[in-house]
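The values are calculated or read from the model by the stated rules, or taken from the named source; none is laboratory data. The structure presented is a predicted model; accordingly, all values stated were derived computationally and were not measured. Backbone-built Cβ (ideal geometry, glycine too); neighbour counts: all protein chains shown. Ligands, DNA and RNA are excluded from the accessible area calculation, which covers all protein heavy atoms including side chains. Shrake-Rupley method; radii C 1.70, N 1.55, O 1.52, S 1.80 Å.
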Amino acid sequence: MKAIKVKIPPFDRRRFLALSGQGLGYSALVASLPGCGGSGGGGAPAPTPAPTPAGLPPASAEVLAVQRTSFGASQGALAEVQAVGIDAFLEQQIDYTTIDDSVVEAEVAARFPLANADPATLRNDFPNNFQNIVEDLVGATLFREFFSPRQLYEVMVEFWTNHFSIHLINGVIPLLKPQDDFAVIRPNAMRSFAEILHASAKSPAMLYYLDNFLNFAGAPQENYARELLELHTLGVDGGYTEDDVKEVARCFTGWTIDQNTGQFLFVPILHDPGTKVVLGTVIPPGGGITDGETVLDLLAAHPSTARFIATKLCRRFVADDPPGELVDEVAAAFEQSNGDIPTLLRTLFASDAFRESGDMKLGRPMEFLGRLVRAFNGPTDFPADDARLYFAVLNILGQIPFYWIPPNGYPDVAGYWGSTSGFLNRWRLALALNVPAIREYFPVEQAVAGAMNLAEVIDSTVDFVLHRELAAEDRELVLTWLEDELGIDRDVPLDAATVDALAPFVVALFVSSPYFQLR
Amino acid sequence: MASTGTLAAGAAGLPDILVCVFQRGAADGMNSIVPYGDDDYYNLRTRIAVPPPGQVDGALDLDGFFGLHPAAPEIKTLYDMGRLAAIHATGVPHGSRSHFDAQALVEAAATDKQFLDTGWLARHLVATASPDDRPFRAVAISGAVPLSLLGAADPLAIDSIEQFGIGDAGGGSYEDTLQALYPDDRPYAGVAQAALTAIEELAIADPSQYSPDNGANYPASQLGGGLLQAGQLIKSDLGVEVICVDVGNWDHHENLPAVLPGSLADLAAALNAFHTDMGNRMEHITVLVQTEFGRRAADNVSSGTDHGTGGCAYLLGGGVIGAQVAGSWPGLGPGDLFAGEDLAITTDLRDVLAQMLQRRLMNPDPAAVFPGYAPQPAPELFLAK
């Protein structure tokens, strides 16, 4: 049989990892800132569903619900939603503590121990373990995103991590950020907005990142105050003034970091004791630490905050430019529930807009990689140096967790991610699935298991990787390509070795297609 | 190497190629181009002021009033050659002290958010489009397209010229099939088409073959790498008209005297290397360096500066009337400061851009590039082509 003439990308795994151009040393880290079953199924023929806004046959409601609330649909999650139905599935994901994640957490503890270490412990080896901390924290984060059965919880952890964004490669932040992750973001990701806001304000990593640890009476440092108003709560058009920024900065004077323990410390003598006026509210003199806490309460209860957080959540779960009525509804739920995060999610998931939002989001790099990983692997059979692979891939695609430099977090709109080089890098990474050392991570032959001819190779891959139906013209296009390349018809029986040899190219093509980028 | 394409810019009788460098994070203009002749500068910046010329670590004198930060001597070399001008107390008067809002407004060259749907460079490109345009009119040396190019026809984001390709590219059947999966009526069809076309053209032109000429030595930095690749694209004669390059880390809230010199040294070395590398091509290239806003007139307790208003911009090129710090100096006295604390804006940067578009980029109607604004006469900064 004539060998298939698809061009093989000219890089092996060493080159692939080197594509980051960085290696993983600290100086390099600093510099690098740079319906399940698709076409299958029996029973009575359903009416043809309307195409998505992208003009593609839509995924089933079940697949959409899983994709939107996870880092990619795994076979397990798809089986779960089929078994219990969408509503019960989403409710269980919200009530995440009932889902057993002990296997994943045991893996995380064994593989990435420094991700759970406090600043004092980490400082003992400082700075020699800088690189190890970064690798462990990023590795633990990605491992949970890709393998935790608590997918929605991990999506919310990522959402709040990005909302209260802290750049990891900045001064002593590698010592402080693990604690921000395990003590601020993760415990509060599904509680209330006020709780996570208060925790973040006292997080040493945040105090350091936005300079509030240098904010003293008589010499205010207003960086945190400004970003607190603009990025964490009210939003830039949320109705505050320059005077509010300055007054908020005064309220947070003396909020600093204990240099011995790396924990939050309020120093009364560094606090401005005078009267402050924030958003028209008078904060009487002598309030001490309660000045800042009062500001946080004011902000958490402000209607502009409700609208700002509602907009970001709708953008995350529905569309880049979400419908105004949906934002109104979620903002109202925020005000009525005092920012109860599960209530906000329930409101979102119950909306028509959520269920009709297929293909309205472009997957970000984390979701691109997550979809690939979750299609092919489970938590215990993944090769041991996975974090390095993740690191390299996400470095190329531009979304390593905690690597966004400014405090506004990674963008969540296609206008940022859908660039020429963004697509090109996805296509290159997809073709790298043919490199044997990469294929060891992504056993692509699983996608074509049991396929006996070209038509079955296509259909099996589509089921396995895309979980949705292919437009008829696209199926024909890909089949014709393979027929022409191989010089054989679509229904001619193939031996298993040939089917396996085809797998990486067919998987790569679909992973590069609009079906895989949109979600 | 002989050019195979139509020259769209960068030659006699044709528009200049514009290279836009954006200093992300709000560069401190007053510690870059130092108003050492203004005593109030030293009163306001007791912790961080750059000493006057002649003193230890003093500024390099430019015109008897302004001096250059001593970490950036190549900027003075370019200034003395008449190739570089600075504009002080300038900016787009958008009134925002938010980095993100301000960057967006500066890239839209607007003061009203209603105009954020397109970038100013995109508006210029759309207004000057012609049927002969090549796919390389607008390139960002970046992983993402900046807002300034939003609204142009398929601007290219190229993070690395050398790695811009999918494997062994060149019109194979895999690429053809992939392209067919992005037909015209689907999202990202334009991006996919632009990427695959760019791969083919880049493979033919092979910009990476060009080493820096004339002994140019680019710093190994984000900006140095960006300008090196900008130079390679220009030498490839692919029809590029606008190139955007970013340089980050200008947000110096603390310890500015320790960190600003490194940023300025990088800027100066990269601009000098680009100017050297381009040689005679520089006659038809304009480089614009800008930032989102200036910083507070007074320093803060952390020996840094907080967010302010008026800042500094730079122009470099054969068509630039150099060796001047343009604009009128508003002063730093209590009555002079904007909002009581900032260097005021006395030159709306859009006036400078309009003069540049008209005289160097041959845009007959530059006012149309600035929605909601009628450009005013700017200081004389450009020779007409």
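Just to verify a result, which residue in region A:409-428, among those that are part of a loop (DSSP other than H, G, I, E, B) and under 22 Å from A:A73 (Cα atoms), is nearest to the other protein chains (Cβ to nearest Cβ)? Give the steps one after another, and end with the answer.
First, the residues of region A:409-428 that are part of a loop (DSSP other than H, G, I, E, B): A:409-413, A:418-419.
Right, trim to under 22 Å from A:A73 (Cα atoms) and you get A:412-413, A:418.
Values: A:D412: 13, A:V413: 11, A:G418: 6 Å.
Checking each candidate, the answer is A:G418.
Residues in region B:231-255 that are more than 19 Å from the chain's Cα centre (by Cα) and under 25 Å from B:A298 (Cα atoms): 4 in all. Against the conditions (1) open to solvent by less than 30 Å² (accessible area, probe 1.4 Å); (2) away from chain A (no Cβ under 14 Å), B:G308 satisfies every one except (2). Within region A:218-231, the presence of at least one residue that is of a type in the set (D, E, K, R), outside any helix (DSSP H, G or I) and open to solvent by 10 Å² or more (accessible area, probe 1.4 Å) is confirmed.
The set of residues in region A:207-217 that are more than 8 Å from chain B (Cβ to nearest Cβ) and either of a type in the set (D, E) or part of a helix (DSSP H, G or I) (or both) comprises A:L207, A:Y208, A:Y209, A:N212, A:F213. Taking the numbered list (1) under 24 Å from the mean Cα position of the chain (by Cα); (2) within 21 Å of A:I185 (Cβ to Cβ); (3) of a type in the set (V, I, T) in turn, A:V236 passes all entries but (2). Restricting attention to region A:52-74, the residues that are open to solvent by less than 10 Å² (accessible area, probe 1.4 Å) and either in contact with a Phe, Trp or Tyr (Cβ under 8 Å, 6 or more places away or on another chain) or acidic (D, E) (or both) add up to 7. Inside region A:250-272, residues that are surrounded by 16 or more Cβ atoms within 10 Å (Cβ to Cβ) and assigned to a helix (DSSP H, G or I) make up a count of 3.
Taken together, the residues in region B:76-95 that are open to solvent by 20 Å² or more (accessible area, probe 1.4 Å), touching a helix residue (DSSP H, G or I) at 6+ places or on another chain (Cβ under 7 Å) and part of a loop (DSSP other than H, G, I, E, B) amount to 2.
The residues of region A:166-206 that are in contact with a Pro (Cβ under 8 Å, 6 or more places away or on another chain), outside any helix (DSSP H, G or I) and under 23 Å from A:Q399 (Cα atoms), listed by number, are A:I166, A:H167, A:L168. Scanning region B:178-219 for residues that are open to solvent by 20 Å² or more (accessible area, probe 1.4 Å), aromatic (F, W, Y) and at the interface with chain A (Cβ under 7 Å from one of its Cβ atoms) turns up just one, B:Y188.
Rundown of residues vs (1) at pLDDT 95 or above; (2) of a type in the set (S, T, Y); (3) buried (at least 18 other Cβ atoms within 10 Å of the Cβ), yes/no style:
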| site | (1), (2), (3) |
| --- | --- |
| B:C312 | yes, no, yes |
| B:G331 | yes, no, no |
| B:T347 | yes, yes, yes |
| B:N363 | yes, no, yes |
| B:A378 | yes, no, yes |
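Would you mind telling me which numbered condition in (1) in a helix (DSSP H, G or I); (2) within 11 Å of chain B (Cβ to nearest Cβ) A:D237 fails? Among (1) in a helix (DSSP H, G or I); (2) within 11 Å of chain B (Cβ to nearest Cβ), the lone unmet condition for A:D237 is (1).
May I ask you to verify whether A:F147 is within 17 Å of the chain's Cα centre (by Cα), over 26 Å from A:M206 (Cβ atoms) and either among the β-branched types (V, I, T) or outside the structural domain of A:I196 (by TED's automatic domain parsing) (or both)? Talk me through it step by step, then tell me what you get.
Values: within 17 Å of the chain's Cα centre (by Cα): yes; over 26 Å from A:M206 (Cβ atoms): yes; either among the β-branched types (V, I, T) or outside the structural domain of A:I196 (by TED's automatic domain parsing) (or both): yes.
Considered against the rule, which asks whether it is within 17 Å of the chain's Cα centre (by Cα), over 26 Å from A:M206 (Cβ atoms) and either among the β-branched types (V, I, T) or outside the structural domain of A:I196 (by TED's automatic domain parsing) (or both), A:F147 comes out as yes.
When we screen B:L44, B:L62, B:L84 for residues that are within 21 Å of the chain's Cα centre (by Cα) and more than 14 Å from every other protein chain (Cβ to nearest Cβ), the only hit is B:L84. Residues that are open to solvent by 40 Å² or more (accessible area, probe 1.4 Å) and of a type outside the set (D, E, K, R) within region A:305-314 comprise just one, A:F308.
Does any residue of region B:321-335 turn out to be of a type in the set (V, I, T) and not in a loop (DSSP other than H, G, I, E, B)? Step through it out loud before you land on a result.
Our first condition is that a residue be of a type in the set (V, I, T); within region B:321-335, this holds for B:321, B:325.
Right, trim to not in a loop (DSSP other than H, G, I, E, B) and you get B:325.
Yes, that holds for at least one residue.
At least 1 residues being open to solvent by less than 10 Å² (accessible area, probe 1.4 Å) and closer than 28 Å to A:A110 by Cα is the threshold, and among the helices (runs of 4 or more DSSP H) wholly inside region A:315-408 those reaching it are A:365-376, A:386-397.
Residues that are hydrophobic (A, V, I, L, M, F, W, C) and in contact with a Gly (Cβ under 7 Å, 6 or more places away or on another chain) were ranked within region B:339-385; the one that is farthest from B:L44 (Cα to Cα) is B:L383. Restricted to region A:273-304, and to residues there that are of a type in the set (S, T, N, Q) and outside any loop (DSSP other than H, G, I, E, B), the residue that is surrounded by the fewest Cβ atoms within 10 Å (Cβ to Cβ) is A:T281. B:G64 satisfies every condition listed in (1) within 16 Å of B:W329 (Cβ to Cβ); (2) outside any loop (DSSP other than H, G, I, E, B) except (2). Taking the criterion of being assigned to a helix (DSSP H, G or I), more than 10 Å from every other protein chain (Cβ to nearest Cβ) and either modelled with pLDDT under 90 or open to solvent by 40 Å² or more (accessible area, probe 1.4 Å) (or both), the residues of region B:105-155 that qualify are B:Q114, B:F115, B:V126, B:A127.
Scan region B:247-292 residue by residue and report those that are charged (D, E, K, R), closer than 21 Å to B:N217 by Cβ and within 14 Å of chain A (Cβ to nearest Cβ). B:D266 - this is the single residue of region B:247-292 that is charged (D, E, K, R), closer than 21 Å to B:N217 by Cβ and within 14 Å of chain A (Cβ to nearest Cβ).
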